Amino acid sequence: MKINDFRLERYFAQHEFTAKYLLSSSDCDGYELNYVLENASIEELKLWENLKLGYTESEGIPLLREAILRHYKITSIKNVVVATPGELNFISMNVLLGSTDHAITIAPCYQSLSEVVKSINCELSYWKPSKNDWIFNTEDLEKLIQKNTKLIILNFPHNPTGSYLTKSQLNEIVAIARKHDIYIFSDEMYHKLIIDDVEELPPICDVYEKGISLWGTSKTFGLAGLRTGWLVCEDQSFLKRIVAFKDYLSICNSAPSEILTIMALNNMNLFLEPNLKKINKNIFIFNEFVKKQEVITSFTPPKAGSTSFIQLNINSSSLQFSSQLVKETGIMTVPAEMFEYEGEYIRVGFGRANFPEILEVFDGYLKEMKPAHNNK
Ligand SMILES: Cc1ncc(COP(=O)(O)O)c(C=O)c1O
(Lines give C-alpha, C1' and ligand atoms only; values in the text may rest on other atoms or scores of the structure.)
Protein backbone atom coordinates (compact mmCIF):
# COMPACT_ATOMS: atom_id res chain seq x y z
CA MET A 1 0.00 0.00 0.00
CA LYS A 2 1.27 3.46 -0.94
CA ILE A 3 -0.08 6.69 0.49
CA ASN A 4 0.65 10.28 -0.53
CA ASP A 5 2.09 12.75 1.95
CA PHE A 6 -0.45 14.45 4.20
CA ARG A 7 0.19 17.94 2.82
CA LEU A 8 -1.60 19.82 5.63
CA GLU A 9 0.33 18.00 8.37
CA ARG A 10 3.64 18.41 6.48
CA TYR A 11 2.88 22.14 6.16
CA PHE A 12 2.19 22.35 9.90
CA ALA A 13 5.41 20.44 10.58
CA GLN A 14 7.26 23.11 8.63
CA HIS A 15 5.80 26.10 10.49
CA GLU A 16 3.82 25.20 13.63
CA PHE A 17 6.71 25.36 16.07
CA THR A 18 8.71 28.15 14.41
CA ALA A 19 6.10 30.68 13.28
CA LYS A 20 5.42 33.43 15.83
CA TYR A 21 1.66 33.48 15.26
CA LEU A 22 -0.79 30.73 14.29
CA LEU A 23 -3.83 32.14 12.52
CA SER A 24 -5.08 28.86 11.01
CA SER A 25 -5.07 26.31 13.81
CA SER A 26 -8.18 24.16 14.01
CA ASP A 27 -7.69 23.31 17.68
CA CYS A 28 -8.21 25.65 20.61
CA ASP A 29 -5.32 26.50 22.96
CA GLY A 30 -4.29 23.39 24.87
CA TYR A 31 -5.30 23.32 28.57
CA GLU A 32 -2.62 22.72 31.18
CA LEU A 33 -2.35 19.37 32.91
CA ASN A 34 -2.97 21.20 36.20
CA TYR A 35 -6.34 22.45 34.94
CA VAL A 36 -7.47 18.89 34.24
CA LEU A 37 -6.28 17.65 37.64
CA GLU A 38 -7.64 20.63 39.62
CA ASN A 39 -11.12 19.91 38.30
CA ALA A 40 -11.03 16.15 38.87
CA SER A 41 -13.08 14.42 41.58
CA ILE A 42 -11.44 12.55 44.51
CA GLU A 43 -12.16 9.19 42.79
CA GLU A 44 -10.65 10.39 39.51
CA LEU A 45 -7.55 11.66 41.31
CA LYS A 46 -7.15 8.24 42.94
CA LEU A 47 -7.10 6.69 39.47
CA TRP A 48 -4.34 9.12 38.52
CA GLU A 49 -2.24 8.58 41.65
CA ASN A 50 -2.51 4.78 41.52
CA LEU A 51 -1.97 4.57 37.77
CA LYS A 52 0.28 1.72 36.60
CA LEU A 53 2.14 2.35 33.36
CA GLY A 54 1.63 -1.06 31.81
CA TYR A 55 -0.40 -2.04 28.76
CA THR A 56 -4.14 -1.41 28.89
CA GLU A 57 -7.12 -3.08 27.13
CA SER A 58 -6.88 -2.56 23.34
CA GLU A 59 -10.46 -1.29 23.13
CA GLY A 60 -9.79 1.29 25.87
CA ILE A 61 -10.22 0.74 29.61
CA PRO A 62 -13.85 0.05 30.60
CA LEU A 63 -14.07 3.16 32.84
CA LEU A 64 -13.14 5.34 29.89
CA ARG A 65 -15.60 3.64 27.56
CA GLU A 66 -18.32 4.15 30.19
CA ALA A 67 -17.42 7.85 30.45
CA ILE A 68 -17.63 8.13 26.63
CA LEU A 69 -21.06 6.48 26.52
CA ARG A 70 -22.53 9.08 28.87
CA HIS A 71 -22.47 11.32 25.77
CA TYR A 72 -24.37 8.88 23.50
CA LYS A 73 -27.65 6.96 23.48
CA ILE A 74 -25.82 3.65 22.92
CA THR A 75 -25.27 1.94 26.29
CA SER A 76 -22.91 -1.04 25.89
CA ILE A 77 -19.15 -0.53 26.12
CA LYS A 78 -18.84 -3.25 23.45
CA ASN A 79 -19.93 -0.50 21.06
CA VAL A 80 -16.91 1.75 21.74
CA VAL A 81 -13.25 1.54 20.66
CA VAL A 82 -10.62 4.06 21.73
CA ALA A 83 -7.47 4.93 19.71
CA THR A 84 -5.95 8.05 18.17
CA PRO A 85 -8.36 9.87 15.83
CA GLY A 86 -6.14 9.47 12.76
CA GLU A 87 -5.63 5.79 13.51
CA LEU A 88 -9.39 5.22 13.79
CA ASN A 89 -9.99 6.94 10.48
CA PHE A 90 -7.19 4.97 8.80
CA ILE A 91 -8.34 1.62 10.14
CA SER A 92 -12.04 2.23 9.45
CA MET A 93 -11.43 2.91 5.75
CA ASN A 94 -9.17 -0.14 5.48
CA VAL A 95 -11.67 -2.39 7.22
CA LEU A 96 -14.71 -1.14 5.30
CA LEU A 97 -13.39 -0.66 1.78
CA GLY A 98 -11.82 -2.74 -0.98
CA SER A 99 -10.56 -1.79 -4.42
CA THR A 100 -13.88 -2.63 -6.14
CA ASP A 101 -15.90 -0.34 -3.85
CA HIS A 102 -16.94 3.27 -4.30
CA ALA A 103 -16.95 5.89 -1.53
CA ILE A 104 -18.17 9.48 -1.30
CA THR A 105 -16.42 12.06 0.85
CA ILE A 106 -17.12 15.71 1.47
CA ALA A 107 -14.76 18.20 -0.13
CA PRO A 108 -12.79 20.26 0.70
CA CYS A 109 -11.76 18.00 3.54
CA TYR A 110 -9.16 17.14 6.11
CA GLN A 111 -6.91 15.13 3.82
CA SER A 112 -7.10 11.77 5.58
CA LEU A 113 -10.83 11.65 4.77
CA SER A 114 -9.96 11.31 1.08
CA GLU A 115 -6.36 10.11 0.95
CA VAL A 116 -6.80 6.86 2.88
CA VAL A 117 -9.64 5.88 0.53
CA LYS A 118 -7.41 6.63 -2.47
CA SER A 119 -4.58 4.53 -1.00
CA ILE A 120 -6.93 1.52 -1.08
CA ASN A 121 -7.46 2.18 -4.83
CA CYS A 122 -11.11 2.61 -4.09
CA GLU A 123 -13.14 4.82 -6.41
CA LEU A 124 -13.91 8.15 -4.74
CA SER A 125 -16.44 10.92 -5.46
CA TYR A 126 -16.58 14.31 -3.80
CA TRP A 127 -19.67 15.93 -2.30
CA LYS A 128 -19.02 19.67 -2.67
CA PRO A 129 -20.77 22.69 -1.15
CA SER A 130 -21.71 25.93 -2.91
CA LYS A 131 -18.81 28.38 -3.04
CA ASN A 132 -18.37 30.88 -0.21
CA ASP A 133 -21.59 30.18 1.70
CA TRP A 134 -20.55 26.52 1.95
CA ILE A 135 -24.00 24.95 1.85
CA PHE A 136 -24.08 21.21 1.13
CA ASN A 137 -27.07 20.04 -0.89
CA THR A 138 -28.35 16.52 -0.15
CA GLU A 139 -29.71 16.13 -3.71
CA ASP A 140 -26.14 16.53 -4.99
CA LEU A 141 -25.09 13.77 -2.60
CA GLU A 142 -27.73 11.35 -3.84
CA LYS A 143 -26.65 11.93 -7.46
CA LEU A 144 -23.17 10.63 -6.58
CA ILE A 145 -24.41 7.22 -5.43
CA GLN A 146 -23.45 4.22 -7.56
CA LYS A 147 -24.29 0.51 -7.41
CA ASN A 148 -21.01 -0.21 -5.59
CA THR A 149 -21.13 2.72 -3.13
CA LYS A 150 -20.22 1.31 0.26
CA LEU A 151 -19.44 4.38 2.34
CA ILE A 152 -20.33 8.06 2.77
CA ILE A 153 -17.82 10.13 4.73
CA LEU A 154 -19.12 13.20 6.53
CA ASN A 155 -17.47 15.83 8.70
CA PHE A 156 -19.83 18.23 10.48
CA PRO A 157 -18.95 20.66 12.03
CA HIS A 158 -16.85 20.98 8.90
CA ASN A 159 -13.13 21.67 8.73
CA PRO A 160 -12.21 24.00 7.03
CA THR A 161 -15.42 25.90 6.11
CA GLY A 162 -17.36 25.92 9.41
CA SER A 163 -20.38 24.55 7.54
CA TYR A 164 -23.01 22.52 9.39
CA LEU A 165 -26.15 20.58 8.49
CA THR A 166 -29.68 21.04 9.74
CA LYS A 167 -31.32 18.10 11.50
CA SER A 168 -33.64 17.59 8.55
CA GLN A 169 -30.66 17.45 6.17
CA LEU A 170 -29.02 14.85 8.40
CA ASN A 171 -32.26 12.83 8.36
CA GLU A 172 -32.32 13.04 4.56
CA ILE A 173 -28.75 11.74 4.37
CA VAL A 174 -29.59 8.85 6.70
CA ALA A 175 -32.65 8.02 4.56
CA ILE A 176 -30.49 8.00 1.41
CA ALA A 177 -27.84 5.79 3.05
CA ARG A 178 -30.46 3.41 4.45
CA LYS A 179 -32.19 3.10 1.08
CA HIS A 180 -28.90 2.05 -0.56
CA ASP A 181 -27.52 0.13 2.45
CA ILE A 182 -24.43 2.35 2.78
CA TYR A 183 -22.26 2.93 5.86
CA ILE A 184 -21.80 6.50 7.07
CA PHE A 185 -18.47 7.38 8.69
CA SER A 186 -19.08 10.66 10.46
CA ASP A 187 -15.98 12.53 11.59
CA GLU A 188 -17.41 14.48 14.54
CA MET A 189 -14.10 15.78 15.89
CA TYR A 190 -15.65 19.25 16.35
CA HIS A 191 -18.86 17.93 17.95
CA LYS A 192 -20.52 20.40 20.35
CA LEU A 193 -18.57 23.41 19.08
CA ILE A 194 -21.84 25.07 18.08
CA ILE A 195 -22.00 28.81 17.39
CA ASP A 196 -24.87 30.88 18.82
CA ASP A 197 -28.29 29.24 18.64
CA VAL A 198 -27.56 26.79 15.80
CA GLU A 199 -29.24 23.45 16.56
CA GLU A 200 -26.80 20.69 17.58
CA LEU A 201 -26.86 17.49 15.53
CA PRO A 202 -26.99 14.08 17.20
CA PRO A 203 -23.99 11.77 16.66
CA ILE A 204 -24.66 9.60 13.59
CA CYS A 205 -24.43 6.38 15.66
CA ASP A 206 -27.50 7.52 17.63
CA VAL A 207 -29.68 7.88 14.53
CA TYR A 208 -28.40 5.30 12.01
CA GLU A 209 -27.71 1.58 12.52
CA LYS A 210 -24.83 1.72 9.97
CA GLY A 211 -23.54 5.05 11.28
CA ILE A 212 -20.02 5.26 12.75
CA SER A 213 -19.20 8.28 14.92
CA LEU A 214 -15.66 9.54 15.46
CA TRP A 215 -14.99 12.06 18.23
CA GLY A 216 -12.03 12.85 20.46
CA THR A 217 -10.39 15.27 22.86
CA SER A 218 -8.39 17.40 20.39
CA LYS A 219 -10.86 20.07 19.30
CA THR A 220 -13.94 20.21 21.55
CA PHE A 221 -11.89 19.76 24.72
CA GLY A 222 -8.66 21.60 23.86
CA LEU A 223 -6.67 18.48 24.76
CA ALA A 224 -4.99 17.51 21.48
CA GLY A 225 -1.88 16.33 23.33
CA LEU A 226 -3.80 13.39 24.82
CA ARG A 227 -4.03 11.90 21.28
CA THR A 228 -7.32 10.29 22.21
CA GLY A 229 -10.28 9.55 19.99
CA TRP A 230 -13.08 6.99 19.90
CA LEU A 231 -15.51 5.30 17.57
CA VAL A 232 -19.05 4.52 18.64
CA CYS A 233 -21.40 2.43 16.50
CA GLU A 234 -23.99 -0.33 16.72
CA ASP A 235 -21.98 -2.73 14.57
CA GLN A 236 -19.89 -4.73 17.08
CA SER A 237 -18.36 -7.00 14.42
CA PHE A 238 -16.98 -3.90 12.66
CA LEU A 239 -15.46 -2.71 15.96
CA LYS A 240 -13.87 -6.13 16.55
CA ARG A 241 -12.12 -5.79 13.20
CA ILE A 242 -10.94 -2.30 14.19
CA VAL A 243 -9.35 -3.70 17.35
CA ALA A 244 -7.69 -6.56 15.43
CA PHE A 245 -6.18 -4.05 12.95
CA LYS A 246 -5.02 -1.85 15.83
CA ASP A 247 -2.75 -4.70 16.98
CA TYR A 248 -0.49 -3.71 14.06
CA LEU A 249 -0.46 -0.06 15.11
CA SER A 250 -0.61 1.26 18.69
CA ILE A 251 -2.01 -2.00 20.25
CA CYS A 252 -3.42 -0.05 23.18
CA ASN A 253 -3.83 3.53 24.33
CA SER A 254 -1.55 5.69 26.46
CA ALA A 255 -2.48 4.81 30.06
CA PRO A 256 -2.11 8.40 31.43
CA SER A 257 -4.18 9.78 28.53
CA GLU A 258 -6.99 7.37 29.29
CA ILE A 259 -7.33 8.67 32.86
CA LEU A 260 -7.05 12.32 31.82
CA THR A 261 -9.71 11.72 29.14
CA ILE A 262 -12.09 10.30 31.77
CA MET A 263 -11.60 13.50 33.79
CA ALA A 264 -12.28 15.66 30.72
CA LEU A 265 -15.37 13.73 29.64
CA ASN A 266 -16.85 13.85 33.15
CA ASN A 267 -16.32 17.64 33.29
CA MET A 268 -16.95 18.49 29.65
CA ASN A 269 -18.40 21.95 30.15
CA LEU A 270 -15.31 23.16 32.00
CA PHE A 271 -13.39 22.53 28.78
CA LEU A 272 -16.04 23.27 26.16
CA GLU A 273 -17.46 26.53 27.49
CA PRO A 274 -14.20 28.56 27.65
CA ASN A 275 -13.43 27.30 24.12
CA LEU A 276 -16.82 28.39 22.81
CA LYS A 277 -16.48 31.77 24.49
CA LYS A 278 -13.12 32.33 22.85
CA ILE A 279 -14.33 31.18 19.41
CA ASN A 280 -17.42 33.41 19.54
CA LYS A 281 -15.40 36.45 20.61
CA ASN A 282 -12.84 35.90 17.87
CA ILE A 283 -15.52 35.45 15.19
CA PHE A 284 -17.05 38.77 16.24
CA ILE A 285 -13.66 40.53 16.09
CA PHE A 286 -12.92 38.98 12.70
CA ASN A 287 -16.27 40.10 11.28
CA GLU A 288 -15.36 43.71 12.12
CA PHE A 289 -11.82 43.22 10.82
CA VAL A 290 -13.00 41.90 7.43
CA LYS A 291 -15.13 45.02 6.80
CA LYS A 292 -11.93 47.09 6.58
CA GLN A 293 -10.02 44.70 4.29
CA GLU A 294 -10.01 44.99 0.52
CA VAL A 295 -7.90 41.85 0.19
CA ILE A 296 -10.55 39.67 1.88
CA THR A 297 -13.53 39.23 -0.44
CA SER A 298 -15.59 36.62 1.34
CA PHE A 299 -16.01 35.53 4.93
CA THR A 300 -18.91 33.31 5.98
CA PRO A 301 -18.83 33.02 9.79
CA PRO A 302 -18.81 29.39 10.90
CA LYS A 303 -22.11 27.85 12.03
CA ALA A 304 -20.14 25.31 14.03
CA GLY A 305 -16.56 24.23 14.59
CA SER A 306 -13.55 26.48 15.05
CA THR A 307 -12.54 27.46 11.50
CA SER A 308 -13.65 29.21 8.36
CA PHE A 309 -12.34 29.36 4.82
CA ILE A 310 -11.97 32.92 3.56
CA GLN A 311 -11.53 34.11 -0.01
CA LEU A 312 -8.73 36.50 -0.93
CA ASN A 313 -8.49 39.06 -3.68
CA ILE A 314 -4.83 38.49 -4.58
CA ASN A 315 -2.54 38.27 -7.60
CA SER A 316 -0.75 35.13 -6.47
CA SER A 317 -1.69 31.61 -5.46
CA SER A 318 -2.89 30.97 -1.90
CA LEU A 319 0.31 29.05 -1.19
CA GLN A 320 2.46 31.98 -2.37
CA PHE A 321 0.37 34.33 -0.19
CA SER A 322 0.79 32.14 2.90
CA SER A 323 4.52 31.62 2.29
CA GLN A 324 5.15 35.36 1.92
CA LEU A 325 2.99 36.16 4.97
CA VAL A 326 4.80 33.78 7.30
CA LYS A 327 8.18 34.95 6.01
CA GLU A 328 7.47 38.65 6.49
CA THR A 329 5.31 38.66 9.63
CA GLY A 330 5.66 35.26 11.30
CA ILE A 331 1.91 34.61 10.80
CA MET A 332 1.19 31.06 9.71
CA THR A 333 -1.94 30.48 7.60
CA VAL A 334 -3.05 27.30 5.83
CA PRO A 335 -3.59 27.87 2.08
CA ALA A 336 -6.30 26.25 -0.09
CA GLU A 337 -3.75 23.92 -1.71
CA MET A 338 -3.58 21.95 1.56
CA PHE A 339 -7.24 21.07 1.02
CA GLU A 340 -6.87 20.38 -2.72
CA TYR A 341 -9.18 23.35 -3.22
CA GLU A 342 -8.89 25.61 -6.25
CA GLY A 343 -8.96 29.36 -5.83
CA GLU A 344 -7.52 31.91 -3.46
CA TYR A 345 -8.53 30.81 0.04
CA ILE A 346 -6.94 30.44 3.44
CA ARG A 347 -8.28 28.80 6.59
CA VAL A 348 -8.74 30.96 9.68
CA GLY A 349 -8.88 29.35 13.14
CA PHE A 350 -10.77 31.08 15.97
CA GLY A 351 -9.66 29.00 18.95
CA ARG A 352 -6.59 30.91 20.08
CA ALA A 353 -6.47 33.58 22.81
CA ASN A 354 -3.87 35.69 20.98
CA PHE A 355 -6.15 36.06 17.92
CA PRO A 356 -6.67 39.87 18.38
CA GLU A 357 -2.90 40.40 18.62
CA ILE A 358 -2.34 38.38 15.43
CA LEU A 359 -5.00 40.41 13.60
CA GLU A 360 -3.15 43.65 14.43
CA VAL A 361 -0.03 42.34 12.69
CA PHE A 362 -2.12 40.91 9.82
CA ASP A 363 -3.87 44.26 9.40
CA GLY A 364 -0.54 46.06 8.97
CA TYR A 365 0.53 43.53 6.33
CA LEU A 366 -2.75 43.61 4.34
CA LYS A 367 -2.78 47.42 4.31
CA GLU A 368 0.46 47.37 2.32
CA MET A 369 -0.98 44.94 -0.26
CA LYS A 370 -2.76 45.86 -3.45
CA PRO A 371 -5.93 43.84 -4.09
CA ALA A 372 -6.02 42.05 -7.46
CA HIS A 373 -9.39 43.56 -8.41
CA ASN A 374 -11.25 46.60 -7.16
CA ASN A 375 -14.51 44.80 -6.43
CA LYS A 376 -15.41 45.40 -2.82
C1 LIG B 1 -11.86 16.76 10.53
C2 LIG B 1 -10.71 16.23 11.32
N3 LIG B 1 -10.66 14.93 11.59
C4 LIG B 1 -9.65 14.40 12.28
C5 LIG B 1 -8.62 15.18 12.75
C6 LIG B 1 -7.50 14.52 13.48
O7 LIG B 1 -7.51 14.82 14.82
P8 LIG B 1 -6.17 14.64 15.66
O9 LIG B 1 -5.31 15.79 15.27
O10 LIG B 1 -6.57 14.69 17.05
O11 LIG B 1 -5.56 13.35 15.25
C12 LIG B 1 -8.61 16.55 12.48
C13 LIG B 1 -7.50 17.41 12.92
O14 LIG B 1 -7.33 18.52 12.51
C15 LIG B 1 -9.70 17.09 11.75
O16 LIG B 1 -9.76 18.39 11.46
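The values are calculated or read from the model by the stated rules, or taken from the named source; none is laboratory data. Note that the structure is predicted; figures quoted are calculated from it, not measured. Reconstructed Cβ throughout: ideal geometry from the backbone, glycine too, with neighbour counts over all protein chains shown. SASA here: full protein model, heavy atoms, side chains in, ligands and nucleic acids out. Shrake-Rupley method; radii C 1.70, N 1.55, O 1.52, S 1.80 Å.
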(request) May I ask you to list pairs of residues, at least six apart or on different chains, whose Cβ atoms are under 9 Å apart, with the first in segment 1-29 being closer than 14 Å to Ala224 by Cβ and the second being acidic (Asp, Glu)? (result) Leu22/Glu16; Ser25/Glu16
(request) Restricting attention to segment 22-52, report how many residues are more than 26 Å from Met268 (Cβ to Cβ) and over 21 Å from the mean Cα position of the chain (by Cα). (result) 1
(message) Restricting to segment 128-148, name every residue that is open to solvent by less than 10 Å² (accessible area, probe 1.4 Å) and away from the ligand (no atom under 16 Å from the Cβ).
(response) Leu141
(request) Name the one entry in Ile182, Ile195, Ile176 that is away from the ligand (no atom under 16 Å from the Cβ), surrounded by 14 or more Cβ atoms within 10 Å (Cβ to Cβ) and within 24 Å of Glu273 (Cβ to Cβ). (result) Ile195
(request) Please enumerate the residues belonging to segment 98-126 that are polar (S, T, N, Q), assigned to a loop (DSSP other than H, G, I, E, B) and crowded, with 17+ Cβ neighbours inside 10 Å. (result) Gln111
(request) Looking at (1) over 14 Å from Leu88 (Cβ atoms); (2) among the hydrophobic types (A, V, I, L, M, F, W, C); (3) under 15 Å from the mean Cα position of the chain (by Cα), find the lone condition where Met189 falls short. (result) (1)
(message) Looking at (1) within 16 Å of the ligand (Cβ to nearest atom); (2) within 20 Å of Leu223 (Cα to Cα); (3) among the aliphatic types (A, V, I, L, M); (4) not assigned by TED's automatic domain parsing to the domain that holds Glu360, which one does Ile91 not meet, given that it meets all the others?
(response) (2)
(request) Determine which member of the set Ile204, Ile242 is in the same structural domain as Phe156 (by TED's automatic domain parsing) and either in contact with a helix residue (DSSP H, G or I) (Cβ under 6 Å, 6 or more places away or on another chain) or more than 16 Å from the ligand (Cβ to nearest atom) (or both). (result) Ile242
(request) Residues that are in contact with a strand residue (DSSP E or B) (Cβ under 6 Å, 6 or more places away or on another chain) and open to solvent by less than 10 Å² (accessible area, probe 1.4 Å): find the strands (runs of 3 or more DSSP E) completely inside segment 228-331 holding 3 or more of those. (result) 229-232, 307-312
